[in-house]
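Q: To start, I am sharing the structure in question, which I have written as structure tokens.
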Amino acid sequence: MAGDDNLKVLNALDVAKTQWYHFTAIIIAGMGFFTDAYDLFCISLVTKMLGRIYYHVDGSPKPGSLPPNVSAAVNGVALCGTLAGQLFFGWLGDKLGRKKVYGATLMLMCICSIASGLSLGRDAKTVMATLCFFRFWLGFGIGGDYPLSATIMSEYANKKTRGAFIAAVFAMQGFGILAGGIFAMIMSAVFQAKFKTPAYEVDPIGSTPPQADYLWRIILMVGALPALLTFYWRLKMPETARYTALVAKDAKQAAADMSKVLNMDIEVEQQKVAQIAQKKGSYGLFTKEFFSRHGLHLLGTTSTWFLLDIAFYSQNLFQKDIFSAIGWIPPAKTMNSIHEVFTIARAQTLIALCSTVPGYWVTVALIDVIGRFAIQIIGFFFMTVFMFALAFPYNHWTKPDNRIGFVVMYSLTFFFANFGPNATTFVVPAEIFPARLRSTCHGISAAAGKLGAIIGAFAFLYLAQNQDPAKAEAGYPAGIGVKNSLIVLGVINLLGLLFTFLVPESNGKSLEEMSGENDDLTEEASCNKTDQ
């Protein structure tokens, strides 16, 4: 079997029993994703408040709101930074090593989370410009976390439970979204109790007290705390044996690092590593051999992540607008600015608690049982079904007696996104590509996803607007409406299901077996025997 030709240090990792270091790695990498989710999604909690504070119009029957271009920038700029960070740090992780750049991404996230809340300026234009600047670089750091965390966890894990470990890291996103909603609820409740504030329709000026400017800043800055708590431990993690042995070609260091981690003696196989270094299979990303071996795989991982994120991010970033459309969030004029943050945060928290978090952890429990392919097919299938079930009888769901049913159906689309492609699109690219290109290919796949997220975030600001120009939000042209937007998302999910057939099943196989690196080693050994 090809696995017998693998390096002993890698075989030791593949068959290692679940140990404390596995859970340590999950926590260290997972807290990065906790921070990622908090930072990316907390902006949707405060955009309505930003509109009230900085874009109030005297005499308007409605509270101030962000102009379309400003709203698109505030919501989308972090996603643009994330895309750039995924490509850059994914490439850098293969060039310099996973560990060397792992701490840098986290520190960038911490600094920019704090700087986002300290956005400078007295007028709206300056505050929004500095906020967008820091959120771009915040996204850049977040982007680096995707390929590095996935690659590190895949290269540390054993092959029996590798999917669960990588999915557990990603599942920390659910807790990050949940924490963002809970913290925003707590802070808005504190501010509401401290500063008695009337509704907008009672007192347009008084409904947004000066102290509201502190609330959104605090919510953004707190995102730095969980990342800071694990920064030291990221620096202490040893480089993965697969990078040290297969890419850096240092068998002695790989054996020494993993001997400490696994509490066992591992033989140093420098000669075997030298054979790997000399073999003809060391092809690069832009080569015919890569495209013949992994071209369809890369197309599968990029296309499915791209399609998934169009649907997923348009839902997440603009769920407040959908809840407003069905009346679950009261009209803005009946609330003050602080209470509006509370109601939006409550909606996000309930969705996260009832569907997002459970979906992630059902994936963790089942991914090594039924496999990645089955979970992704199931997820895309039911996302398509529930999206169409929401869309076609949309007028039925908007009636007051049926609104709870709408929320339940909407929650189920989130559940099957997370017990489905939102988790598997993260897991699979970390398993099926060669070690020297693993971080780069994961970064490319993730960046394709963020391109989809950007399309979802920007396009659905406009698409979901009412078809009647008079009923569209201030500054927006008429769109295709929420119903037709949901139909479009259903079609996108169906396409994601079809492209899933390009992605191979990696359940229960070693990383070298999936990437073909074992085959290269076997061929090299056979050639050597023939020459002798």
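Q: Among the listed residues F286, F175, which satisfies the condition of being under 30 Å from Y38 (Cα atoms) and either of a type in the set (V, I, T) or open to solvent by 60 Å² or more (accessible area, probe 1.4 Å) (or both)?
A: Working: F286 fails: under 30 Å from Y38 (Cα atoms).
Step by step, each of F286, F175 is checked, and only F175 is under 30 Å from Y38 (Cα atoms) and either of a type in the set (V, I, T) or open to solvent by 60 Å² or more (accessible area, probe 1.4 Å) (or both).
Q: Filter the stretch 445-472 down to the residues that are charged (D, E, K, R) and crowded, with 19+ Cβ neighbours inside 10 Å and list them by number.
A: Kept after step one, since they are charged (D, E, K, R), are these residues of the stretch 445-472: 450, 468, 471.
Hit for the stretch 445-472 is K450, nothing else.
Q: Taking helices (runs of 4 or more DSSP H) that do not extend beyond the stretch 258-358, which have at least 3 residues that are modelled with pLDDT of 80 or more and over 24 Å from F433 (Cα atoms)? Lay out the reasoning, then the answer.
A: Values: elements: 270-278, 288-317, 319-325, 337-351.
Where helices (runs of 4 or more DSSP H) fall fully within the stretch 258-358 and carry at least 3 residues being modelled with pLDDT of 80 or more and over 24 Å from F433 (Cα atoms), they are 288-317, 337-351.
Q: What pairs come out if I take residues in the stretch 120-131 that are more than 14 Å from Y55 (Cβ to Cβ) and at pLDDT 90 or above and pair them with residues that are of a type in the set (S, T, Y) and crowded, with 16+ Cβ neighbours inside 10 Å whose C-beta lies under 7 Å away, six or more apart or interchain?
A: Close Cβ pairs satisfying both conditions: T130/S119.
Q: For G223, all conditions in the list (1) open to solvent by less than 60 Å² (accessible area, probe 1.4 Å); (2) within 12 Å of S337 (Cα to Cα) hold save one; what is the number of the exception?
A: (2)
Q: Turning to a different aspect of this structure: Restricting attention to the stretch 183-219, and to residues there that are charged (D, E, K, R), without any contact (Cβ under 8 Å) to a residue 24 or more places away in the chain and in a loop (DSSP other than H, G, I, E, B), which single residue is least open to solvent (accessible area, probe 1.4 Å)? Lay out the reasoning, then the answer.
A: Of all residues in the stretch 183-219, those charged (D, E, K, R) come to 194, 196, 201, 203, 213, 217.
Filter once more, keeping what is without any contact (Cβ under 8 Å) to a residue 24 or more places away in the chain: 194, 196, 203.
Still in the list and also in a loop (DSSP other than H, G, I, E, B): 196, 203.
Values: K196: 170, D203: 61 Å².
My answer is D203.
Q: Tell me, which helices (runs of 4 or more DSSP H) lie completely within the stretch 365-425 with 3 or more residues that are modelled with pLDDT of 80 or more and open to solvent by 60 Å² or more (accessible area, probe 1.4 Å)? Spell out the reasoning first.
A: Values: elements: 372-391, 394-397, 403-418.
It comes to 372-391.
Q: While we're here: Any residue at all in the stretch 87-100 that is surrounded by fewer than 20 Cβ atoms within 10 Å (Cβ to Cβ) and closer than 14 Å to W216 by Cβ?
A: No, because not a single residue in the stretch 87-100 is surrounded by fewer than 20 Cβ atoms within 10 Å (Cβ to Cβ) and closer than 14 Å to W216 by Cβ.
The values are calculated or read from the model by the stated rules, or taken from the named source; none is laboratory data. Keep in mind that what you see is a predicted model, and the values were worked out from it rather than measured. Quick reminder, even Gly has a Cβ in these numbers, built from the backbone with ideal geometry, and neighbours come from all protein chains shown. Keep in mind that these areas ignore ligands, DNA and RNA; they rest on the heavy atoms of the full protein, side chains included. Shrake-Rupley method; radii C 1.70, N 1.55, O 1.52, S 1.80 Å.
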